[in-house]
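Asks: This structure is in structure tokens; I'll ask about it shortly.
The values are calculated or read from the model by the stated rules, or taken from the named source; none is laboratory data. Only a predicted model underlies this, so the values are computations on that prediction, with no experimental measurement involved. Positions of Cβ are backbone-derived with ideal geometry, glycine not excepted, and every protein chain shown enters the neighbour counts.
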Amino acid sequence: MGSAWSERRITRWYVEMFRRVLGKTLGFVGYTIQYGCIAHCAFEYIGEFVVCSGPSMEPTIINHDVVFSERMSRHLCKIQKGDIVIAKSPYDPNMNICKRVIGLEGDKVCTSSPSDLFKTHTYVPKGHVWLEGDNLRNSTDSRSYGPIPYALIRGRVCLKLWPPHSFGTLSESPTKRIIKTQSDSD
Amino acid sequence: MAQQTTAGRRYLRAFVSGFFVAVPVTVTVLDRFAYVARVEGASMQPFFNPEGGSKSDIVLLNRWSVRNYQVQRGDIVSIVSPKNPQQKIIKRVIGLEGDFIRTLGYKNQYVRVPDGHFWIEGDHHGHSLDSNSFGPVSVGLLHGRASHIIWPPSRWQQIKPSLPPNRGPLDTKEEEG
């Protein structure tokens with residue numbers, strides 16, 4: 001009689017432990033899902049940290065600089081001429097490029113290099129943007145692959161975070177390739 | 001009286017905490033896993049909206065399967081329109097990077113699809129804004145793959161990749177023979 005009763009107690013103890021562990025595991029999984037989703041929303045709609053590599057944006061952004069790119073402007077379609085953007089590369093969607101917006105849809109952009117005698121221009125088609133790196137001599141950009149669709153833009157670089165001595169907002173285009181129209185404010 | 005206030009405040013707290021769970025989870029699911037969209041227009045007839053008019057098909061878009069930008073020829077995909085970044089269009093993939101395509105009404109009669117791009121067409125040629133108007137599309141614009149038609153119930157089906165007859169990449173061997 002006594003052994004059956006103590007067996008029941010032990011079984012009940014195991015069931016109790018199992019329920020406790022299951023409860024804690026489910027709670028842990030629930031919290032992970034919730035915080036994972038909050039993280040996704042933050043990186044997708046607020047902004048992300050980007051480590052830049054390559055010489056195409058010198059002297060504004062140098063190799064191994066860390067910048068913060070905000071996502072709101074892109075979702076609200078408020079990217080402007082002169083902004084530095086992070087975009088998906090048109091030739092490899094898993095690679096990102098960091099360039100400056102020289103022209104939005106409808107703008108006139110200069111397709112000839114500064115050393116050419118005859119200047120050629122083109123107009124950026126609807127739904128596209130024209131990107132160029134600040135380091136014109138060492139940058140593959142819209143001058144080689146043409147305008148890219150606006151939807152490939154991921155975010156607008158608004159702040160440089162590393163190295164500490166160049167912390168802060170980024171400077172204007174040093175290349176003077178942006179053609180200002182009458183509708184632009186000064 | 002004091003008990004009623006605490007009950008109300010407890011309800012408010014539960015609502016707010018539930019809201020902060022439901023909104024991020026829903027947004028994440030819609031961005032990363034699955035999306036539901038209504039197909040409008042006649043560009044994919046007779047596959048979608050065969051009757052036209054007010055009856056539009058509703059499709060389930062699988063966003064998880066395109067997270068690495070892997071698509072097959074014959075898949076029906078939704079992309080962000082290269083002409084209007086606020087609009088999504090749904091078309092069939094005809095050619096992938098490296099394929100040679102004989103176009104219908106594009107500025108060049110033969111096109112080699114560049115790296116990182118693909119060629120899409122609507123099934124209803126002539127009533128479709130697709131690669132025959134704006135050229136090869138960058139794979140970065142891919143939004144999702146249509147996997148099932150879920151409305152109207154009479155048209156419930158799984159969508160399988162299939163190339164329409166005579167629309168596909170040119171096989172170089174054929175051209176030689």
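Asks: Is at least one residue of segment A:111-123 in contact (Cβ under 8 Å) with a residue 60 or more places away in the chain, of a type outside the set (Val, Ile, Thr) and in contact with a helix residue (DSSP H, G or I) (Cβ under 8 Å, 6 or more places away or on another chain)?
Replies: We begin by selecting, within segment A:111-123, every residue in contact (Cβ under 8 Å) with a residue 60 or more places away in the chain; these are none.
Checked segment A:111-123: no residue is in contact (Cβ under 8 Å) with a residue 60 or more places away in the chain, of a type outside the set (Val, Ile, Thr) and in contact with a helix residue (DSSP H, G or I) (Cβ under 8 Å, 6 or more places away or on another chain).
Asks: Can you tell me which residue among B:74, B:140 is part of a helix (DSSP H, G or I), within 17 Å of the chain's Cα centre (by Cα) and surrounded by 12 or more Cβ atoms within 10 Å (Cβ to Cβ)?
Replies: Details: B:74 fails: part of a helix (DSSP H, G or I).
B:140 is the lone residue from the list that is part of a helix (DSSP H, G or I), within 17 Å of the chain's Cα centre (by Cα) and surrounded by 12 or more Cβ atoms within 10 Å (Cβ to Cβ).
Asks: Further question: So which residues in segment A:77-124 are assigned to a loop (DSSP other than H, G, I, E, B) and crowded, with 16+ Cβ neighbours inside 10 Å?
Replies: Taking segment A:77-124 first, the residues assigned to a loop (DSSP other than H, G, I, E, B) are A:77-83, A:90-91, A:104-107, A:111-120, A:124.
Within segment A:77-124, A:79, A:81, A:83, A:90, A:91, A:104, A:105, A:107, A:124 qualify.
Asks: Another one. Take residue A:15 and tell me if it is outside any helix (DSSP H, G or I) and more than 13 Å from every other protein chain (Cβ to nearest Cβ).
Replies: So residue A:15 fails the test.
Asks: Let me ask you something else. Which count do you get for residues in segment B:45-64 that are surrounded by 14 or more Cβ atoms within 10 Å (Cβ to Cβ) and over 12 Å from the mean Cα position of the chain (by Cα)? Reasoning before the result, please.
Replies: The initial filter retains those residues of segment B:45-64 that are surrounded by 14 or more Cβ atoms within 10 Å (Cβ to Cβ), namely B:45, B:47-49, B:56-63.
Checking the rest, the ones that are also over 12 Å from the mean Cα position of the chain (by Cα) come to B:45, B:47-49, B:56-57.
Qualifying residue count for the region: 6.
Asks: Within segment A:142-152, how many residues are buried (at least 19 other Cβ atoms within 10 Å of the Cβ) and part of a loop (DSSP other than H, G, I, E, B)? Spell out the reasoning first.
Replies: Applying the first criterion (buried (at least 19 other Cβ atoms within 10 Å of the Cβ)) to segment A:142-152 yields A:142-143, A:147-152.
If we keep only those that are part of a loop (DSSP other than H, G, I, E, B) too, we end up with A:147.
Number of matching residues: 1.
Asks: Then there's this: Identify all residues within segment A:130-152 that are within 19 Å of the chain's Cα centre (by Cα) and either of a type in the set (A, V, I, L, M, F, W, C) or within 14 Å of chain B (Cβ to nearest Cβ) (or both); write none if there are none.
Replies: A:130, A:131, A:140, A:142, A:147, A:148, A:149, A:150, A:151, A:152, listed by residue number.
Asks: Let me ask another. With the structure loaded, tell me whether residue A:89 is under 17 Å from the mean Cα position of the chain (by Cα) and among the polar types (S, T, N, Q) or whether it fails that test. Give the steps one after another, and end with the answer.
Replies: On the way: under 17 Å from the mean Cα position of the chain (by Cα): yes; among the polar types (S, T, N, Q): yes.
Taking the combined requirement at face value, the residue satisfies it.
Asks: Consider segment B:77-96. How many of its residues are in a loop (DSSP other than H, G, I, E, B) and closer than 21 Å to residue B:160 by Cα?
Replies: Taking segment B:77-96 and keeping what is in a loop (DSSP other than H, G, I, E, B), we get B:81-87, B:96.
With the extra rule that they be closer than 21 Å to residue B:160 by Cα, the set shrinks to B:96.
Number of matching residues: 1.
Asks: Here's a follow-up. For segment B:100-115, state whether one or more residues are crowded, with 18+ Cβ neighbours inside 10 Å, within 12 Å of the chain's Cα centre (by Cα) and either away from every other protein chain (no Cβ under 14 Å) or in a loop (DSSP other than H, G, I, E, B) (or both).
Replies: no
Yes/no per residue for (1) closer than 20 Å to residue B:142 by Cβ; (2) without any contact (Cβ under 8 Å) to a residue 40 or more places away in the chain:
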| position | (1), (2) |
| --- | --- |
| B:6 | no, yes |
| B:9 | no, yes |
| B:17 | no, yes |
| B:38 | yes, yes |
| B:45 | no, no |
| B:53 | no, yes |
| B:59 | yes, no |
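Asks: Right, another one. Check residue B:53 against each of (1) among the small types (Gly, Ala, Ser); (2) assigned to a strand (DSSP E or B); (3) modelled with pLDDT under 90 and name the one condition it does not meet.
Replies: Of everything listed in (1) among the small types (Gly, Ala, Ser); (2) assigned to a strand (DSSP E or B); (3) modelled with pLDDT under 90, residue B:53 misses just condition (2).
Asks: Can you find, within segment A:49-76, the residue that is farthest from residue B:33 (Cα to Cα) among those that are within 14 Å of chain B (Cβ to nearest Cβ) and surrounded by fewer than 17 Cβ atoms within 10 Å (Cβ to Cβ)? Give the derivation first.
Replies: Applying the first criterion (within 14 Å of chain B (Cβ to nearest Cβ)) to segment A:49-76 yields A:71, A:73-76.
Now restrict to residues that are surrounded by fewer than 17 Cβ atoms within 10 Å (Cβ to Cβ): A:75-76.
Working: A:75: 20, A:76: 23 Å.
Looking at residues that are within 14 Å of chain B (Cβ to nearest Cβ) and surrounded by fewer than 17 Cβ atoms within 10 Å (Cβ to Cβ), I get A:76.
Asks: Let me ask something else. For segment B:130-161, how many residues meet the condition of being in contact with a strand residue (DSSP E or B) (Cβ under 8 Å, 6 or more places away or on another chain), within 12 Å of another protein chain (Cβ to nearest Cβ) and either basic (Lys, Arg) or more than 22 Å from residue B:34 (Cβ to Cβ) (or both)?
Replies: 4
Asks: Here's something else I'd like to know. Could you grab me the full set of residues in segment B:80-99 that are away from chain A (no Cβ under 14 Å) and either touching a Pro at 6+ places or on another chain (Cβ under 7 Å) or closer than 12 Å to residue B:131 by Cβ (or both)? Can you show your working first?
Replies: Just the residues of segment B:80-99 that are away from chain A (no Cβ under 14 Å), to begin with: B:90-95, B:99.
Within segment B:80-99, B:91, B:92, B:93, B:94, B:95, B:99 qualify.
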